[in-house]
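S.K.: This is the structure, below, for whatever I ask next.
The values are calculated or read from the model by the stated rules, or taken from the named source; none is laboratory data. Being a predicted model, the structure only gives us computed values, none of them experimental. A quick note on method: Cβ atoms are made from the backbone with ideal geometry, for glycine too, and the neighbour counts reach across all protein chains shown. For the accessible areas, the whole protein counts, side chains as well, though only heavy atoms, and no ligand, DNA or RNA atoms are used. Shrake-Rupley method; radii C 1.70, N 1.55, O 1.52, S 1.80 Å.
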Amino acid sequence: MATETTELPASETETELAQPWNVVVHNDPVNLMSYVAMVFRRVFGFSSERAQKHMLEVHERGRSVLWTGEREKAELYVQQLHGYLLLATVERAGE
Amino acid sequence: MEFYVPGKSRVGFRHIHPLLAELVRSLPALVEPGALSDEAQQRFYPEPSHDENLRDLRSDWKAFVEPGLQEQFRSARDVVAADLKSLVQRKDTFEITIPLKHADAWLNVLNQARLALAADLGFNESALGATEPPDLSNERGMNIFRVNLYAFMQQCLIEQME
């Protein structure tokens with residue numbers, strides 16, 4: 001008996017979950033730069049140098065992409081960053 | 001006002017002018033949910049995405065994430081309110097010591113207070129970064145001073161924690 005495999009189109013949700021997502025932190029005039037760098041070290045486990053680089057990028061360019069990967073994890077990172085009162089969002093990578 | 005380390009597991013502020021002591025004592029009340037303006041509420045609970053197509057994420061966030069954040073902020077506020085009971089007068093000034101393990105709660109509440117004041121009064125980078133002393137004869141100048149006082153306390157704690 002011959003068997004045939006038919007590839008079903010991925011649902012919209014599956015496609016969304018599979019594509020990479022960015023965790024973005026946006027500048028705000030209130031949070032101290034030292035505080036922002038400390039949060040980056042804690043949440044992402046960054047070295048001091050890497051945390052400082054992202055903090056300066058936020059300050060000078062208005063935003064920095066801190067992490068890219070699956071959506072669920074990106075949302076968890078944003079949740080943690082909101083707990084530290086940073087302005088953070090998820091967005092589709094490449095947008 | 002001076003930051004000091006009275007022991008391995010405690011930090012403190014001493015020689016606090018009575019006016020500054022009042023500003024420190026008022027921290028928990030300043031960030032009580034009932035005291036927050038709409039602008040402050042929006043800043044405390046920002047959108048998780050700017051993508052208009054992620055409406056589900058926004059509604060889920062409101063339903064499931066925001067209550068957790070509210071609880072986290074409330075818990076930090078309670079820790080600070082309890083620590084403030086040890087803000088005591090020593091001759092003409094005040095002092096307070098707090099367990100180092102409470103430093104995270106203090107950082108959070110100091111941040112809540114700074115963000116709430118900035119959101120209410122529309123402070124921008126130039127107002128907060130001004131090098132000349134604020135005009136303390138009006139409410140705006142007084143609140144800029146207050147935001148900077150809380151920033152000083154945050155910076156002391158961050159340096160100690162590092």
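So that you can scan it fast, the table gives a plain yes or no per residue for (1) over 9 Å from the mean Cα position of the chain (by Cα); (2) of a type in the set (Gly, Ala, Ser):
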| residue | (1), (2) |
| --- | --- |
| A:49 | yes, no |
| A:55 | yes, no |
| A:61 | yes, no |
| A:65 | no, no |
| A:68 | no, no |
| A:79 | yes, no |
| A:83 | yes, yes |
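S.K.: Got a sec? Which of B:104, B:83, B:60 is acidic (Asp, Glu) and more than 19 Å from residue A:80 (Cα to Cα)?
M.R.: The match here is B:83.
S.K.: Which condition from (1) within 21 Å of residue B:151 (Cβ to Cβ); (2) modelled with pLDDT of 95 or more; (3) within 9 Å of chain B (Cβ to nearest Cβ) is the one that residue A:28 breaks?
M.R.: So the condition that residue A:28 fails would be (2).
S.K.: Select, from B:76, B:81, the only residue that is surrounded by 15 or more Cβ atoms within 10 Å (Cβ to Cβ), away from chain A (no Cβ under 11 Å) and assigned to a helix (DSSP H, G or I).
M.R.: None of the other options fit; the residue is B:81.
S.K.: Now a separate question. Every residue in the range B:38-73 that is touching a residue at least 40 places away in the same chain (Cβ under 8 Å) and either within 10 Å of chain A (Cβ to nearest Cβ) or crowded, with 19+ Cβ neighbours inside 10 Å (or both), please.
M.R.: Residues satisfying the conditions are B:40, B:43, B:44, B:73.
S.K.: Looking at B:35, B:103, B:29, B:21 in this structure, which one is open to solvent by less than 80 Å² (accessible area, probe 1.4 Å) and within 14 Å of chain A (Cβ to nearest Cβ)?
M.R.: Of the residues listed, the single one that is open to solvent by less than 80 Å² (accessible area, probe 1.4 Å) and within 14 Å of chain A (Cβ to nearest Cβ) is B:103.
S.K.: Kindly check whether there is at least one residue in the range B:124-132 that is outside any helix (DSSP H, G or I) and either in contact with a Pro (Cβ under 7 Å, 6 or more places away or on another chain) or at positive phi (or both).
M.R.: Scanning the range B:124-132, I find at least one residue that is outside any helix (DSSP H, G or I) and either in contact with a Pro (Cβ under 7 Å, 6 or more places away or on another chain) or at positive phi (or both), so the answer is yes.
S.K.: So, residue B:75, is that one polar (S, T, N, Q) and within 19 Å of residue A:42 (Cβ to Cβ) or not?
M.R.: Against the criterion (polar (S, T, N, Q) and within 19 Å of residue A:42 (Cβ to Cβ)), residue B:75 qualifies.
S.K.: Now a separate question. Could you figure out which of (1) modelled with pLDDT of 90 or more; (2) open to solvent by less than 30 Å² (accessible area, probe 1.4 Å) isn't true of residue B:146?
M.R.: In the conditions (1) modelled with pLDDT of 90 or more; (2) open to solvent by less than 30 Å² (accessible area, probe 1.4 Å), residue B:146 misses (2) alone.
S.K.: Can you name every residue in the range A:47-93 that is open to solvent by 80 Å² or more (accessible area, probe 1.4 Å), closer than 18 Å to residue B:51 by Cβ and in contact (Cβ under 8 Å) with a residue 12 or more places away in the chain?
M.R.: Residues satisfying the conditions are A:63, A:70, A:72.
S.K.: Scanning the range B:85-100 for residues that are open to solvent by 50 Å² or more (accessible area, probe 1.4 Å) and touching a His at 6+ places or on another chain (Cβ under 9 Å), which turns out nearest to residue B:19 (Cα to Cα)?
M.R.: B:92
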